[in-house]
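Values quoted throughout were computed directly from the atomic coordinates according to the rules given, and no laboratory measurement underlies them. Bear in mind that the values here come from a model prediction, so they are computed numbers and not experimental data. Methodologically, a virtual Cβ is constructed for each residue, glycine included, from the backbone with ideal geometry; neighbour enumeration extends over all protein chains shown.
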Amino acid sequence: STPKILAFAGSTRIESYNKKLVKIAAAGAQAAGAEVTYIDLRDLPLPLYDEDLEAQEGLPANARTFKDLLIAHQGLLIASPEYNSSLTAVLKNAIDWASRPAPNEAPLAAFAGKVATIMSASPGALGGLRGLVHLRSILGNIKVLVLPDQIALPKAYEAFNPDGTLVDPKQQESIQKLGDSLTKILLKLN
Ligand code: FNR
C-alpha cells in the first residue's frame, strides 16, 4: 500500500528555512510514490507541557490532532532548527505532548515503529547539525527508527531561491533524495 508520510518543521516562523527544507524532501517522497501530509506547527499552537494541566484537562485539542496525525502516518520527515545547540522547544514540546499515554492506546502509539528522516537548516556554518544529534537521540528513545542519512544545510540565508527550491541543484537533489529513500524503505517494510 502507499506509504503515508507526515512532514513538518520544528519552527513556527512564517519564513522558516526548515519549512522550506522539509517541503523539498516531501516533494521527493511524493515523487517516489508516498502520500505526504505537510503540517505547520504554527497552526497547532500548544501550551507548554504541564502535568497538572494534563491531569485537569487532558490532552489539548491541538495535541490530540498532532498525535492522531502521527498515528495515521508510518513515516516522518522532520526539519528542525538548532536553538542553542539543540532542537527547538516548540518541537520538543509537541513531542512531549504526543508521547503521553492514553487509555485504549498502545504505549508511545504516536511514535513506536515509525520511520523518520531528519534534517536541519541554519544560517550558521554547521547547518544545525548539533540539534540533529539531540533530535535523533530523543526519537530513538521513543522507539522511532531514525534513518542514518540526514542533512544539515548551512548558510540557509543564501541557499534558497524565491520559489523555495535550493540554489544548488546538487543540494536540491540530495534533499529530495532523503524523501525518496524514506519512501523506498517504507515500501520495503510494507
Ligand atoms: C538560534 N539560531 C541558532 N543557529 C544555529 O545554527 N545554532 C544555534 O545554536 C542557534 N541558536 C539559536 C537560539 C535561538 C533562541 C534562536 C532564536 C536562534 C539561529 C537559527 O538557526 C535561525 O534563527 C534559523 O533561521 C531558525 O530556523 P527557521 O525558523 O528559519 O527554520
If each residue of separation counts as 0.36 nm, what is the full-extension length gain between A106 and I39 once their alpha-carbon separation is subtracted? 21.7 nm
As I understand it, the value is the acute angle between the Cα axis of helix 61-71 and the longest principal axis of the Cα atoms of the chain; what does it come to in degrees, rounded to 10? 60 degrees
Degrees separating the helix 129-141 axis from the principal Cα axis of the chain, which is the longest one: 40 degrees
Evaluate E = 1/(1 + (r/R0)^6) for I71 and E158, where r is the Cβ-Cβ distance and R0 equals 35 Å; express this FRET efficiency to the nearest 0.05. 0.35
Which of K4/K170; K155/K188; K20/K92; K143/K170 have a Cα-Cα distance over 30 Å? K155/K188; K143/K170
GNM flexibility winner over the chain from A55, A89, A27 (Cα, springs under 10 Å): A55
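Would you mind giving the average projected area, over all directions, of the Cα convex hull of the chain in nm² with one decimal?
Details: hull surface 41.7 nm².
Averaging across all directions leaves 10.4 nm² for the Cα convex hull.
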Out of D163, D68, D43, a Gaussian network model of the chain with alpha-carbon springs under 10 Å gives the largest mean-square fluctuation to D163
Please figure out what share of the DSSP beta bridges in segment 4-189 is antiparallel and state it in percent, rounded to the nearest 5. 10 percent
Comparing P169, P45, P123, which has the greatest mean-square fluctuation in the GNM of the chain with Cα pairs linked when under 10 Å apart? P169
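How much mean residue ellipticity at 222 nm does the chain get from its helices, if each DSSP H run of length 4 or more adds -39500 (n - 2.57) and you divide by all residues, to the nearest 500 deg cm²/dmol? Can you show the working numbers first?
Numbers: 6 runs with 77 residues, N = 190.
Rounded to the nearest 500, it is -13000 deg cm²/dmol.
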Could you pull out the longest piece of the chain with no exposed loop GluC sites (Glu not before Pro) in it, calling a site exposed if DSSP puts it outside H, G, I, E, B and it has at most 16 other Cβ atoms within 10 Å? 16-104
If packing is taken as the mean number of other Cβ atoms within 10 Å per residue, what is the order of 95-102, 115-122, highest first? 115-122, 95-102
Given A31, A55, Y83, which one lies farthest toward the positive end of the charge dipole of segment 1-102, if we put +1 on the Cβ of every Lys and Arg and -1 on the Cβ of every Asp and Glu? A31
Distance between segment 96-133 and segment 145-190 - C-alpha centres, whole angstrom: 17 Å
Quick one: angle between helix 17-31 and the longest Cα principal axis of the chain, in degrees between 0 and 90, rounded to 10, please. 90 degrees
